[in-house]
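Where a number appears in this text, it was derived from the coordinates with a stated rule and is not lab data. Because the structure is a prediction, the values reported are computed rather than measured. Cβ placement follows ideal geometry from the backbone for every residue including glycine, while neighbour counts extend to all protein chains displayed.
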Amino acid sequence: MKNTIKNNTLSFFTLLFAFLFMLGITACSKHDDHNDHDHDHENELITTVKLHVIETGTSDTVSYVWQQVGGPGTAIMVDSMLLKQGKIYEVFTEVLDESKTPANNVTEAIRMDANSHRFVYTSNISSLLLQVLDFDTQNPAMELGLKFRITTPDVMGSGNLKCVLKHYTSSEPKTKGVQTGSTDIEVQFPLFVN
């Protein structure tokens with residue numbers, strides 16, 4: 001009887017060891033296969049979006065900030081954008097992860113990985129024009145959007161400026177358009193044209 005229990009125990013542990021060994025090989029194999037392909041980065045954590053706005057013909061820069069320092073689900077602080085009628089503005093977008101100390105400036109990482117990122121800007125203010133001024137390295141080049149232009153209408157108006165940072169992968173490439181990919185962040189700035 002003791003030999004039967006001992007043999008059953010040995011068989012159980014032998015099977016358990018074999019199962020764990022095969023599980024380890026499978027996990028390693030999947031990991032190795034992943035490394036053999038182009039690596040698709042995870043979405044960036046962004047807690048802060050800054051729009052540095054320069055009116056054409058001046059050197060004055062006004063910065064407008066959207067912040068959610070505590071991360072998703074926490075309080076949002078946002079500046080209202082105040083622009084003049086009938087003017088052209090150049091805007092430089094800066095993105096940060098301020099959940100870390102010191103803050104991580106994500107802007108350069110987005111620029112370096114331009115073929116996988118795109119800022120999309122929209123506004124619900126009638127006749128306000130938005131034009132992206134920088135592009136990625138694809139052929140033909142596609143919009144990146146860290147730099148863009150706002151042309152305000154000749155009339156007063158109010159609404160918002162929506163900024164969406166899209167993140168693309170090899171399975172959902174940038175060439176398929178703004179409806180594909182995932183969203184790293186989507187923010188809205190109240191916008192007033194006076």
Hand me the tally of lysine pairs in the range 48-193: alpha carbons under 27 angstrom apart, and the pair either on different chains or 8 or more positions apart. 22
Please identify every one of the trypsin sites (Lys or Arg not before Pro) in the range 91-192 that sits in a loop by DSSP and has no more than 14 other beta carbons within 10 Å of its own beta carbon. Lys100
Phi angles of the range 148-161, converted by Karplus (6.51 cos²θ - 1.76 cosθ + 1.60, θ = phi - 60°) into ³J(HN,Hα) in whole Hz with x for Gly and Pro, give 8, 10, 10, 10, 8, x, 7, 10, 5, x, 9, x, 8, 10
Please label the shape of the range 53-194 as rounded, prolate or oblate, based on the square roots a ≥ b ≥ c of the eigenvalues of the alpha-carbon gyration tensor (a/c under 1.5 means rounded; beyond that, a/b larger than b/c means prolate, else oblate). oblate
Taking the Cβ of each residue in Tyr89, Tyr168 as the centre, tally the other Cβ atoms inside 10 Å and list the residues starting with the fewest. Tyr89, Tyr168
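Under a Cβ-Cβ cut-off of 12 Å, what is the net charge of the residues other than Pro72 that fall near it, where Lys and Arg count +1 and Asp and Glu count -1? Mind dumping the intermediate values first?
Values: positive: none; negative: Asp184, Glu186.
Here the charged neighbours net out to -2.
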Per-residue Cβ neighbour rank within 10 angstrom, fewest leading, Phe119, Phe189: Phe189, Phe119
Counting sequence-distant residues (5 or more places) and residues on other chains, those with an amide H built under 5 Å from that of Met81 are Leu191, Phe192
If you plug each phi of the range 49-55 into the Karplus form 6.51 cos²θ - 1.76 cosθ + 1.60 with θ = phi - 60°, what whole-Hz ³J(HN,Hα) values come out, in order, with x for Gly and Pro? 10, 10, 10, 9, 10, 10, 6
